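Inspection log for the structure reproduced underneath, given as structure tokens.
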Amino acid sequence: MNIIIVGDGKVGYTLAEYLSKDGHDVTIVDKNEQALAKARDTLDVMCVLGNGANMRSLLEAGVESADIIIAATANDELNMVCCLAAKQMGAKYTIARIRDPEYTESLTMLQKRLDIDQVINPERATAQEISRLLRFPFAINIESFAHGRVEMVEFRVDSSDPIVNMPLSKLHGRFPHIQFTAAQRDGNAIIPDGSFEIRAGDRVYATGDRNSVTDFFKNMGKNTNRVRNAILVGGGHISYYLAKIIAGMGVHLTIIEINQQKCERLADLLDDVTVLCADGTDQEVLDSENLREAGALICLTDRDEENLITGLYGVREGVRKVVVKVNRMKTTDLIENMGIESVVSPKLTTANVILRSVRALSQSQGSVIEKVYGMLGGKVEAYEFTALEGAPYLDIPLSKLRIKKGVLVSVLVRDRKNIIPFGSDHIEAGDTVILTALAGTIVNLEDAFA
Amino acid sequence: MNKRLIVRLAGRVLLVESALMAVPLVVSFLYGDGDHMAFIFSMAITCGCALLTSLLRPQNETLRAREGFSIVALSWIAVSFFGGLPFCLSGRVPSLIDSVFEAASGFTTTGATILKDIEGMSRSLLFWRSFTHWAGGMGVLVLSLALIPKMGARSVYLMRAESAGPAPSKLVPRVGDTAKILYQLYIGLSLLLTLCLLLCGLSLYDALLHTFSTAGTGGFSCYSASVGHYDSAAVDVIISVFMILFGLNFALFFYLRQRNWKAVIHNSEARVFVCVVSIATLLVTVNIFSAGFYDSFGGALRRALFQVSSIISTTGFCTADFNTWPLFSKCILVALMFIGGCAGSTAGGVKVIRMQILTKSMVRDVRRTVHPKGVFTVKIDRRSVEESIISSVQGYFFTVILLLVSGSLVLSLDGYGFETTVTAAITTLFNVGPGLDLVGPTGGFSMFSPVSKIVLTMWMIIGRLEIFPILMLFSPTAWRK
């Protein structure tokens with residue numbers, strides 16, 4: 001597909017990288033020559049120098065034949081104008097990044113009037129991710145599929161866990177509603193089969209419906225209680241959205257923000273939240289807020305380094321859940337080695353959301369792709385497909401379907417019920433199929449079968 | 001520097017070259033001229049060396065700017081060397097240095113020759129000579145990019161190091177696709193030219209040979225008298241027009257195919273190019289007509305147009321011995337050698353766009369002396385040119401002058417007169433072909449000493465790659481660990 005990305009910032013660049021690797025023809029528009037130079041040198045994309053809302057730049061980027069235009073500049077208003085202009089000039093699908101909370105209330109109206117097909121809000125998406133982590137504090141990462149019917153939960157295996165050193169084929173007898181979809185050992189991603197034995201220190205994805213997953217962790221002896229109070233360092237957009245999202249969850253939030261004006265604004269907009277005007281990276285301040293007793297420490301300042309140091313301090317003080325926001329770094333495993341397991345990156349979250357939409361737009365005949373989720377630092381991907389009538393793989397037992405190496409048919413959802421599939425099970429038309437596969441092996445459901 | 005990767009990728013290019021040698025091999029069998037063994041041996045040697053390089057396993061696949069430039073530089077030197085093998089192995093050109101000179105002259109689309117008796121060469125060797133023009137014109141690496149899928153995202157460095165012009169850009173987002181489009185246009189235009197020449201009554205062999213030489217803006221012909229051999233107005237005009245077309249930026253043909261008329265009309269480089277051709281043609285016509293070289297104004301115009309378009313597109317075909325023309329006309333032709341074709345064409349020279357930038361930055365410097373605090377930008381096509389590009393163009397031009405002076409100094413040791421020495425350096429560095437006096441349209445380069453020939457061979461490759469890739473190869477900082 002022809003895709004235009006306006007704005008060559010962190011999100012724009014990451015998107016261009018993934019989309020061009022996916023085989024799309026990507027053109028980047030930006031007014032900063034230096035930012036473009038980097039993309040031009042390292043990616044196989046075309047670069048156009050200019051303002052994304054300018055007709056000439058858009059024409060030069062080939063807007064008339066563009067399938068998707070993604071406006072991801074730092075400026076919400078520019079993104080809207082850019083999408084509006086592009087739509088008028090012939091772009092088929094427009095995606096705008098709009099993140100100012102001021103616009104969130106009028107968003108539906110704006111989106112309709114400006115004819116924007118999709119709005120993404122990186123801060124809000126990140127806040128949603130954090131709220132899920134607060135709900136399952138024992139998890140490193142959580143993603144839900146099939147409208148929340150299936151949860152994929154990543155956790156680290158301790159040596160005391162009862163599942164250690166047992167082949168998965170045996171584990172299945174004990175936990176019939178849980179599928180182990182992916183694992184990481186010594187930095188290598190593995191798609192496990194029946195003979196795979198989980199070892200201490202592995203990072204494993206357990207998949208199933210919400211109750212089964214909770215039961216599973218209860219059986220393992222993990223503390224499944226949700227977090228009761230959390231300390232947030234940094235009072236930006238993410239903190240605001242997070243406070244809004246978990247307002248009904250019974251979690252008490254303390255936001256520490258250094259800027260007086262921001263504090264006042266947060267206090268004005270949010271109820272039931274304690275806002276402190278202080279330096280959240282100062283350990284004195286954290287101690288005086290009873291950091292040790294807090295269920296979670298979430299570091300959301302604009303600086304990666306401060307987030308990391310504060311997060312490390314939280315880990316040492318024994319906070320149950322530490323979440324750190326990282327903007328620039330690509331190597332999240334580096335941070336994980338330091339003891340911080342949950343890392344959120346608005347850049348990657350946004351890129352993931354858009355990648356899903358793009359893949360959903362480039363559909364095949366036999367299936368509809370609903371969702372793509374990158375796991376284990378992007379080494380493994382989970383896909384949600386809907387199987388369509390007439391596809392070649394229907395009604396054939398999975399054992400006869402020659403599934404490619406590195407692909408696992410994880411869960412089938414049929415008539416709102418989850419099926420953990422075996423060799424004798426088959427895919428029916430209308431099923432939701434959740435697959436995990438090593439990144440880059442499949443694009444369509446058909447690709448899973450040799 | 002990832003040396004293994006450099007050698008390995010250069011080896012891939014050699015593989016493409018050995019495949020290209022199959023074409024003259026077929027010609028050799030068709031005409032039975034007895035040179036087929038030379039081609040078979042050359043193919044075997046080239047292919048063998050290419051396969052040897054593929055044994056190298058690079059530690060990683062990272063290809064950065066410096067690796068890209070080194071691959072291009074190394075490939076061109078290797079391609080010229082192996083391309084010379086058929087001449088040498090056939091025994092028709094005894095000296096290896098001469099053979100490599102001829103091949104480098106072919107691939108760099110220069111068209112300077114050391115052959116004294118062109119008609120005495122075998123048909124397949126003449127075919128190979130012209131075919132190297134065609135292969136080298138659009139670039140051997142661009143050809144490899146089009147043929148070999150997935151050289152990686154960063155292969156853009158390869159294309160940029162090989163394409164002509166100050167800031168080469170892609171036509172479509174992907175490098176591989178861009179390379180394919182360029183070759184489609186190239187092949188399309190070449191076929192059109194062959195058809196036109198066939199209609200003029202040329203044999204298929206002659207038509208193909210002259211198509212290759214025109215398309216690559218090279219200038220090798222199968223006759224000593226070059227295109228003048230046919231003495232046909234139609235052939236002259238057709239080749240003149242096509243030489244001008246191949247001197248234009250290929251992006252224009254892409255825009256034409258897309259029906260993007262605006263982009264074509266607003267391209268100032270093409271306008272300047274056509275203007276320069278028209279003015280130069282007019283001046284030369286008046287000059288040679290009034291000096292009494294031709295009876296009719298039309299005849300003078302035909303010769304002048306051919307010579308002007310041949311020189312500015314750095315092809316180097318001749319229909320007249322311009323050595324005998326008045327000095328004014330000769331000076332115009334030498335000036336045209338400096339200008340050369342447009343960026344993104346197969347032509348050599350400094351390139352029209354660089355001349356535009358240089359002229360405009362000179363005007364700006366004059367305005368700055370009038371208004372010391374004034375802020376002026378250099379604009380091309382209503383867009384301001386970045387300062388980094390302006391300074392790199394100025395640096396490029398200085399290096400060109402430096403190379404011309406130093407090259408002339410080396411050649412002067414042979415003692416062949418001022419005109420010969422200086423124009424030999426100019427004509428090789430700008431990939432034109434003929435110069436003046438002894439190296440003029442009727443002369444050749446065979447009399448130079450081996451040292452001079454090696455220098456001229458290097459100058460051709462340096463000129464084709466626009467200097468910096470080759471110079472980087474000799475810079476110690478690039479290789480330091």
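Numbers below:
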quantity: Answer from A:L232, A:L242 - the residue that is part of a helix (DSSP H, G or I) and surrounded by 16 or more Cβ atoms within 10 Å (Cβ to Cβ); calculated: A:L242
quantity: Residue check for B:L141: outside any loop (DSSP other than H, G, I, E, B), away from chain A (no Cβ under 14 Å) and surrounded by fewer than 24 Cβ atoms within 10 Å (Cβ to Cβ); calculated: no
quantity: Among (1) in contact (Cβ under 8 Å) with a residue 40 or more places away in the chain; (2) crowded, with 18+ Cβ neighbours inside 10 Å; (3) under 21 Å from A:V407 (Cα atoms), the one test that A:A183 misses; calculated: (1)
quantity: Of all residues in the stretch A:353-396 being touching a helix residue (DSSP H, G or I) at 6+ places or on another chain (Cβ under 9 Å) and polar (S, T, N, Q), the one that is modelled with the highest pLDDT; calculated: A:T386
quantity: Selection count where residues are part of a helix (DSSP H, G or I), of a type in the set (A, V, I, L, M, F, W, C), within 22 Å of B:R271 (Cα to Cα) and more than 24 Å from the chain's Cα centre (by Cα), scope the stretch B:363-412; calculated: 1
quantity: Yes/no for A:G194 being in contact (Cβ under 8 Å) with a residue 24 or more places away in the chain, at positive phi and not β-branched (V, I, T); calculated: no
quantity: Count - residues of the stretch A:173-195 that are closer than 18 Å to A:T436 by Cα, more than 27 Å from the chain's Cα centre (by Cα) and modelled with pLDDT of 80 or more; calculated: 1
quantity: Some residue of the stretch B:267-277 being among the charged types (D, E, K, R) and within 25 Å of B:K180 (Cβ to Cβ); calculated: yes
quantity: The stretch B:158-181 residues that are more than 12 Å from chain A (Cβ to nearest Cβ), paired with ones that are basic (K, R) and surrounded by fewer than 20 Cβ atoms within 10 Å (Cβ to Cβ) (beta carbon under 9 Å, 6 or more apart); calculated: B:I181/B:R257
quantity: So B:V264, is it out of contact with any Phe, Trp or Tyr (no Cβ under 8 Å at 6 or more places or on another chain) and without any contact (Cβ under 8 Å) to a residue 60 or more places away in the chain; calculated: no
quantity: Strands (runs of 3 or more DSSP E) completely within the stretch A:343-450 that count 3 or more residues being within 25 Å of the chain's Cα centre (by Cα) and closer than 29 Å to A:N327 by Cβ; calculated: A:367-375, A:380-387, A:432-438
quantity: Exclusive hit being in contact with a helix residue (DSSP H, G or I) (Cβ under 8 Å, 6 or more places away or on another chain), part of a helix (DSSP H, G or I) and more than 14 Å from chain A (Cβ to nearest Cβ), set B:L30, B:L56, B:L9; calculated: B:L9
quantity: Selection from the stretch A:18-56 of residues that are outside any helix (DSSP H, G or I), within 8 Å of chain B (Cβ to nearest Cβ) and of a type in the set (D, E, K, R); calculated: A:D25, A:D44
quantity: Flag if A:R97 is away from chain B (no Cβ under 14 Å) and either of a type in the set (K, R) or in contact with a Phe, Trp or Tyr (Cβ under 6 Å, 6 or more places away or on another chain) (or both); calculated: yes
quantity: Sole exception among (1) modelled with pLDDT of 90 or more; (2) within 21 Å of the chain's Cα centre (by Cα) for A:T332, by number; calculated: (1)
quantity: Any hit, the stretch B:211-222, residues being closer than 30 Å to B:E269 by Cβ, buried (at least 23 other Cβ atoms within 10 Å of the Cβ) and within 14 Å of chain A (Cβ to nearest Cβ); calculated: no
quantity: Residue count for the stretch B:87-137, restricted to those that are part of a helix (DSSP H, G or I) and hydroxyl-bearing (S, T, Y); calculated: 5
quantity: Filtered residues of the stretch A:57-70 (kept if within 12 Å of chain B (Cβ to nearest Cβ) and touching a residue at least 40 places away in the same chain (Cβ under 8 Å)); calculated: A:A61, A:G62, A:S65, A:A66
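The values are calculated or read from the model by the stated rules, or taken from the named source; none is laboratory data. Please read all numbers here as calculations on a predicted model, not as lab measurements. Cβ atoms come from the backbone with ideal geometry, glycine included; neighbour counts cover every protein chain shown.
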